[in-house]
Amino acid sequence: MKFYFLPIAIAAVVALRIVMHFIDKERIKDEVGARGGWVISIRWNPFARGWFFEKNERHYEVRYRDRAGAVVTTTCKTSLFSGVYWAELPTLQEPPTRIIARHHCSKCGYAINAEWRTCPNCGTATGFA
């Protein structure tokens, strides 16, 4: 009877950890969504900054896009009784630069490329090419 207790206890701890992982991911998604962002990825990071003296906390590396469109990477801590809180300041990654049109159609104002002979919106000759 004693030998059956240990495998059952180990299986219960592993099952609880897996369930808590999915609960944590949903809590993190809700926190980011409440700030107007959307999650790109959530990755469990057991050796994140500050892990050594922490008890019963799980650490995650979170990448999300904030409401301005910037990609943010930061570390998040959570536990069963505490909420979601950010362990370190986010590092911003610049969004991809957009190509800005330098020319506009004289008739309709449509942004046109310098190689185009006519405006694709109204058909007016551009005079560039």
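Any read-out appearing in this document is the output of simple, stated calculations on the displayed coordinates, not a laboratory observation. From a predicted model like this one, the values you see are computed outputs, not experimental measurements. Cβ atoms come from the backbone with ideal geometry, glycine included; neighbour counts cover every protein chain shown.
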Checklist line | Spin-label model distance (nm) - A70 vs L16, 7 Å beyond Cα toward Cβ | finding: 4.0 nm
Item checked: Length released on extending from H104 to E61, taking residue separation times 0.36 nm less the Cα-Cα span -> 11.1 nm
Item checked: Cβ-based exposure ranking for F3, F22, in which fewest neighbours within 10 Å come first -> F3, F22
Notebook entry, point to check: Under a Cβ-Cβ cut-off of 10 Å, what is the net charge of the residues other than V62 that fall near it, where Lys and Arg count +1 and Asp and Glu count -1?
Noted result: +2
Notebook entry, point to check: What ranking, highest mean first, results for peptides 25-38, 67-80, 7-20, 114-127 when packing means the other Cβ atoms within 10 Å averaged over each residue?
Noted result: 67-80, 25-38, 114-127, 7-20
Next item on the list: Hey, can you grab everything whose amide H is under 5 Å from the amide H of A48? Only 5+ residues off in sequence or another chain; H modelled, so Pro and N-termini drop out.
Entry: none
